Structures are given as C-alpha cells and as structure tokens.
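What follows is a set of notes on a single structure, which appears directly below.
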Amino acid sequence: MKRIFNIYKKLVLVAAVMFGTLMTSCTDYLTIIPPDKIVHEKFWQTKDEVNGMLATSYIKLISTDAVSRAIVWGEMRADNMTFPANYDNKYKYIIEANILDDNEYAKWGIFYEAINYANLVIEYAPMVVDRDPDFTEGDLNVVLGEMYAMRALCHFYLVRTFRDIPMALVPAVNDADLPTYEQVHPIEALKLILADIERAEAPGMIMESGSFPKDKDDSNYGRITRNAVLALKADVCLWLAAFSTYYEGESDLVAAGDVQRYYDICIESCQAVIDNMDRMFIDKNEGRPIVNDYPYHLLVNEGRVEDLKKTKFSSVYNDIFGFKNSSESIFELQIDDANARDNGGCRGIPTLYGIEAGGSKVIVPRKFLDIYKDDDLRKFSYTNISPSASGDEIKDDIYIAKYTAQGSPAQDYRKADSFDANWIVYRKTDVLLMMAEALAAQPAATSEDFKSAFEIARVINVRSRIDSTDIKEPLSEPMDRSGCLSLVLDERARELAFEGKRWYDLVRKALRDKSTKDILFVADKLTSNQDVLKSKMSSIDGLFFPIHIDEIRYNKNLKQNPAYSDEDSSVEMN
C-alpha cells in the first residue's frame with residue numbers, strides 16, 4: 001500500500017513494511033497469514049508491531065470491498081435504492097432480489113480478513129509484554145479491547161447479512177485452518193458477539209471516549225472507544241431481541257424473559273452512550289457559552305426561517321458529513337483526500353454513490369422521497385434535488401448526495417481524486433433511535449415508554465425541518481405499539497438514509513413480526529416485476545444473502561441458505 005490513512009499511520013508503520021505484500025494477499029475466505037515460524041519468531045517483538053497489526057484490521061474495514069458491502073448489504077435491497085437506466089447487472093439483480101450464489105457481493109472474505117487480524121492480535125500480543133518494556137499491561141488491555149470489539153463488529157455485519165455464519169474465534173495461519181469453522185445459529189452467533197463486546201467493555205479494556213486531546217477528533221472518533229462499544233452492544237441486543245422473538249418457542253437458545261432482557265440491555269447501553277456524549281459536549285464547551293442548546297445536545301440548523309425556505313441550507317449536514325467528526329459522531333472510519341487519491345483501497349462510497357452527482361450505480365426511487373416533508377432539509381442534503389425543484393419538475397434521475405456532497409444543499413461534490421468522506425458506523429441520532437425502538441418494542445412497554453420513544457423521534461425530525469413552529473405532530477397520543485414503532489422506523493429511514501442501515505431495519509422488523517408481509521412495500525420502487533420481488537421476499541430466509549459458491553467450495557462445512565434453491569444456484573451437485 002502506498003500510503004496509510006493518517007489516523008492509523010503511526011500504528012501501522014512497522015507492520016506495513018514487514019507485511020506490505022500480505023495486505024493484498026488473501027483467499028476468498030480468510031487472509032493467508034505467514035506460516036507459524038514467521039509469526040512466532042520474526043514478529044510480535046515490539047509495541048509498534050502490535051499496533052501495526054491492530055491498524056491493519058481497521059484498514060481492512062475501511063477498504064473498498066468492506067465499505068461497498070456495508071452499503072450493498074445494508075441498503076441496496078431496501079426501498080431507498082433502485083437502479084438507473086445504465087445499470088450494472090450485479091446491482092440490478094440484488095435490487096430485484098435475483099441474487100445468485102456467484103454474485104460477488106455474496107463474498108464475505110474482507111470481513112473475515114479484518115477478524116483474522118484481530119484474532120492474531122488477541123492471540124499473540126500478550127507475549128510482547130515480556131519482550132518490549134514499552135508495551136505495558138495497560139497498553140495490552142487497550143489493544144485487546146479494540147480487537148474484541150473489532151471482531152464483534154465484523155461478525156455482526158455478517159450475521160445480519162447471511163444469518164447462519166461461521167464464528168472465527170481463533171487465528172488462521174494457513175489453509176488447513178479454514179475448514180474448522182462451522183456455521184452457527186444466529187442467536188448463538190449474536191451471543192458470542194455479545195461476549196466479545198462484554199470483554200471489550202470491561203474496566204481498563206477500552207479507551208474512554210474523548211480521551212484524546214480536544215483537537216484530535218480524528219482519533220476520538222476514528223478509533224473504537226467506549227461509546228462505540230456501547231453503541232454496538234445496543235445494536236446487537238436489538239437484533240438478539242428480534243431473533244429471540246422470531247425463534248421463541250422453537251429453539252432452546254431462547255429462554256423465558258430473553259426478549260425483554262435484551263431490550264433492557266439495549267436501552268441501558270443507549271442511555272450510557274447519551275450520558276457519556278453529554279459529558280463530552282459539556283467538557284468540550286467548558287468556559288464557552290452554549291448557544292441554541294438543542295435537546296440531547298444535538299446540533300441545530302442555523303439560519304433564519306426566511307433564508308432556509310429559499311436556500312434549504314443545512315449546517316447540520318455540513319458538520320456531520322462535510323467537515324466530519326462532529327460532536328454527534330461516535331465512530332467513523334477516517335479517510336483523507338491524499339489517501340483517497342493515492343490508495344485505491346478506500347473507494348467504497350464513490351463506487352456505489354458516484355462523484356459530482358453522477359456515475360452512481362444506484363438512484364433514489366421517487367416514491368421514497370415521499371417520506372420527507374417539503375420543508376425537511378435532509379431531502380435537499382441527502383439527494384441532489386435542487387432547492388427550487390418540486391413535484392413533476394423533477395425529470396432526471398435522483399442521485400444520492402450524502403457523503404458525496406461536501407456542502408448543503410447538495411453542492412461542492414467531492415472529486416474523483418479527492419474523495420475524503422469518512423464512513424460513519426455510529427452516530428448519536430442512530431443510538432437515540434435505537435433506544436426509541438427498544439422502548440416501543442419491549443414486551444413491558446408502557447404508555448410512558450411510547451411517549452419517550454415518540455419524543456426522541458419528534459426531536460430528531462424537528463431539528464431538520466425549516467420552521468418548527470409550523471410542525472404538527474405526526475401521531476396523536478396515546479399511541480399503540482404498532483404506531484409508535486412505525487413512527488420510529490420512518491424516522492430512522494429519514495435520518496439514516498444511505499448509511500447502511502435501512503435494509504437491516506426492515507429485516508429486524510420482519511423478524512419481530514415473524515412475517516415479511518409488512519415490508520413487501522419495498523417492491524413498489526420497481527416499475528416492473530414487482531410481483532417477482534414480493535415472491536422472493538415472501539420468506540424470512542429470502543431476506544438474507546446466499547453464501548458465495550467459492551466459500552462453499554473452500555469450506556465443506558457450510559450449508560447454503562435454503563431460500564436459494566438448486567435450480568437458482570451455480571453450485572455443482574455431486
């Protein structure tokens with residue numbers, strides 16, 4: 001690799017030299033690590049080497065392969081993306097749920113590569129404490145905390161996408177290790193993921209959020225710190241609750257009370273993140289007057305109502321996606337323009353969303369835009385719709401501007417040779433809306449819980465509307481569970497559009513409902529073949545990806561998702 005992302009540069013310097021060729025050498029399943037002799041005798045001698053391997057795991061996660069999959073897996077099958085006239089078949093097939101087991105996005109190798117680097121650090125870093133006096137037990141604990149969380153995050157991407165996955169919990173140093181990984185039930189996988197998270201959050205095992213100097217936001221938000229671990233824990237518990245609801249009464253892995261317990265942990269973890277971020281906000285503004293302090297210390301859109309009606313300018317968009325590393329950030333993978341230009345390894349976002357409002361592999365269905373009111377500034381920041389455009393005046397394809405536009409409304413697009421948008425994994429409104437979902441979905445939910453969930457969604461919605469004094473509440477109280485969950489899910493769709501969340505939200509809803517019936521509206525984005533798409537989405541199995549044919553050939557322990565029948569498969573049966 002020619003250059004390394006700035007935040008990870010110091011960490012990876014030594015390892016990049018020693019393992020330069022290694023970082024681009026892999027099978028389709030896991031990276032081939034140097035033989036035992038090299039691993040044990042020539043490496044794991046110094047603190048720099050440990051940090052280099054840690055950084056390599058981050059770099060795998062920020063690669064084109066990883067980020068493009070985060071988008072494809074988490075968004076492309078949902079209602080907010082469809083294909084343009086000059087489509088690429090591999091994306092068209094995914095959007096239409098016509099996914100074969102040879103589609104390249106059915107490959108999961110890049111996430112197992114990141115996992116394997118984490119496993120190597122977990123396995124071998126402890127011996128460096130005795131070899132390098134500069135590498136202390138405290139240093140080791142922080143590194144292990146990050147790598148347990150990294151392993152959990154990568155496995156979490158995989159279980160949400162493929163459901164039945166192998167859990168790689170030991171390092172692989174040669175091909176002989178690969179067949180030992182067997183698929184596990186999704187609840188078992190999520191429990192193992194949660195165990196890694198609990199290891200990471202133990203005292204002394206992870207950096208506290210905001211522990212870097214105040215002027216080092218790329219470090220505070222570019223490394224996995226406590227808030228990121230807590231956000232991940234909340235997310236995992238939302239899915240554990242959903243899967244437990246789906247399998248309740250059908251699997252010994254679900255015990256009485258599990259669903260409520262997982263929602264309780266989710267709510268507790270979200271509240272811990274919010275409390276930590278409130279303290280960080282107050283600390284960062286120490287000695288300065290806090291002007292226009294919005295609920296939950298969220299950023300507020302600046303400007304007079306009269307001006308905003310004309311310009312559709314969103315300072316919130318600029319802070320979060322233009323300037324990056326905002327006060328609402330929890331964890332975002334760091335990219336700078338030099339590395340984006342010189343290193344082809346961080347092109348995941350422009351690969352899918354294009355540059356300069358063109359060349360995108362996907363477009364936004366017009367029907368999806370109905371979810372935004374005309375005075376919602378996000379509509380004009382997240383897409384390339386002109387501030388003056390309305391209704392039938394919009395003739396051309398609508399492109400995704402989130403990440404690609406440096407400013408609001410969508411303008412000053414990032415160029416091909418300077419694409420420096422960070423990929424955001426978690427931010428504050430995501431966590432707030434996870435808490436709202438858990439409050440409303442929990443079996444023990446009360447009318448007060450529905451009101452709290454409603455208030456979270458209302459606050460996030462109002463801050464993006466031009467004139468909050470003219471906003472009518474979307475639902476009257478008291479609300480029932482269904483109405484409240486619909487409100488929260490819709491607000492997640494508006495707020496987090498194109499961030500790798502929407503399809504996962506819909507799958508989670510289907511699991512909770514034990515039916516895909518209420519997410520079949522996704523098919524409305526197509527101008528034809530809607531019935532075919534609905535048929536493909538008719539079973540829970542069909543909401544998950546097939547395992548790539550190459551993975552099954554490499555690992556004979558793998559079994560294909562039953563939704564992908566023999567006649568639709570390219571696997572040669574003996």
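Between 294, 246, which is over 20 Å from the mean Cα position of the chain (by Cα) and buried (at least 19 other Cβ atoms within 10 Å of the Cβ)? Step through it out loud before you land on a result.
Details: 294 fails: buried (at least 19 other Cβ atoms within 10 Å of the Cβ).
Exactly one residue qualifies, and that residue is 246.
Could you list, ordered by first residue, the pairs with Cβ atoms under 8 Å in which the first is in region 343-359 and buried (at least 22 other Cβ atoms within 10 Å of the Cβ) and the second is at pLDDT 75 or above and of a type in the set (Asp, Glu), at least 6 apart or interchain?
Pairs found: 348/65.
Among the numbered criteria (1) of a type in the set (D, E, K, R); (2) crowded, with 17+ Cβ neighbours inside 10 Å; (3) at pLDDT below 95, which one does residue 164 miss?
Result: residue 164 fails condition (3) only.
Among the helices (runs of 4 or more DSSP H) contained in region 454-573, which hold 1 or more residues that are modelled with pLDDT under 90 and surrounded by fewer than 19 Cβ atoms within 10 Å (Cβ to Cβ)? Even if it seems obvious, please write down each step before you answer.
Numbers: elements: 481-495, 502-513, 530-536, 549-554.
Hits in region 454-573: 549-554.
Restricting to region 403-442, name every residue that is within 30 Å of residue 307 (Cα to Cα), touching a helix residue (DSSP H, G or I) at 6+ places or on another chain (Cβ under 7 Å) and among the β-branched types (Val, Ile, Thr).
404, 429
Testing residue 411 on (1) among the polar types (S, T, N, Q); (2) touching a residue at least 60 places away in the same chain (Cβ under 8 Å); (3) open to solvent by 10 Å² or more (accessible area, probe 1.4 Å), one condition comes back false. Which one is that?
Looking at each condition in turn, residue 411 falls short on (2).
Out of region 368-418, which residues are hydrophobic (A, V, I, L, M, F, W, C), modelled with pLDDT of 90 or more and out of contact with any Lys or Arg (no Cβ under 9 Å at 6 or more places or on another chain)? Break it down into steps so the answer makes sense when it comes.
Of all residues in region 368-418, those hydrophobic (A, V, I, L, M, F, W, C) come to 368-369, 371, 377, 380, 385, 389, 394, 398, 400-401, 405, 410, 416.
Restricting the remaining residues to those that are modelled with pLDDT of 90 or more gives 368-369, 371, 377, 380, 385, 398, 400-401, 405, 410.
The answer is 400, 401.
If I filter region 113-124 for residues that are open to solvent by less than 30 Å² (accessible area, probe 1.4 Å), of a type in the set (Phe, Trp, Tyr) and within 18 Å of residue 502 (Cβ to Cβ), do I get at least one hit?
no
Go through region 443-453 and count every residue that is in contact with a helix residue (DSSP H, G or I) (Cβ under 8 Å, 6 or more places away or on another chain) and open to solvent by 10 Å² or more (accessible area, probe 1.4 Å). Don't jump to the end; show me each part of the working.
Keep residues of region 443-453 that are in contact with a helix residue (DSSP H, G or I) (Cβ under 8 Å, 6 or more places away or on another chain), which gives 443-445, 449-450, 452-453.
Filter once more, so that each one left must be open to solvent by 10 Å² or more (accessible area, probe 1.4 Å): 443-445, 449-450, 452.
Looking only at that region, the number is 6.
Kindly provide the set of residues from region 99-141 that are assigned to a helix (DSSP H, G or I), in contact (Cβ under 8 Å) with a residue 12 or more places away in the chain, more than 15 Å from residue 165 (Cβ to Cβ) and among the β-branched types (Val, Ile, Thr), ordered by number.
Once the filter is applied, which keeps residues that are assigned to a helix (DSSP H, G or I), in contact (Cβ under 8 Å) with a residue 12 or more places away in the chain, more than 15 Å from residue 165 (Cβ to Cβ) and among the β-branched types (Val, Ile, Thr), region 99-141 yields 121, 122, 128.
Residues to consider are 189, 152; find the one that is more than 22 Å from residue 563 (Cα to Cα) and not polar (S, T, N, Q). Don't jump to the end; show me each part of the working.
On the way: 189 fails: more than 22 Å from residue 563 (Cα to Cα).
None of the other options fit; the residue is 152.
What pairs come out if I take residues in region 184-199 that are in contact (Cβ under 8 Å) with a residue 60 or more places away in the chain and more than 15 Å from residue 246 (Cα to Cα) and pair them with residues that are outside any helix (DSSP H, G or I) and open to solvent by 10 Å² or more (accessible area, probe 1.4 Å) whose C-beta lies under 9 Å away, six or more apart or interchain?
191/253
To keep it simple, each residue is scored yes or no on (1) surrounded by 22 or more Cβ atoms within 10 Å (Cβ to Cβ); (2) modelled with pLDDT under 50.
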position	(1), (2)
18	no, yes
28	no, yes
35	no, yes
44	no, no
56	yes, no
67	yes, no
74	yes, no
93	no, no
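The values are calculated or read from the model by the stated rules, or taken from the named source; none is laboratory data. Keep in mind the model is a prediction, meaning the values are calculated, not measured. Backbone-built Cβ (ideal geometry, glycine too); neighbour counts: all protein chains shown. The protein model used for the area step is the full one, side chains on, heavy atoms only, and it has no ligands, DNA or RNA in it. Shrake-Rupley method; radii C 1.70, N 1.55, O 1.52, S 1.80 Å.
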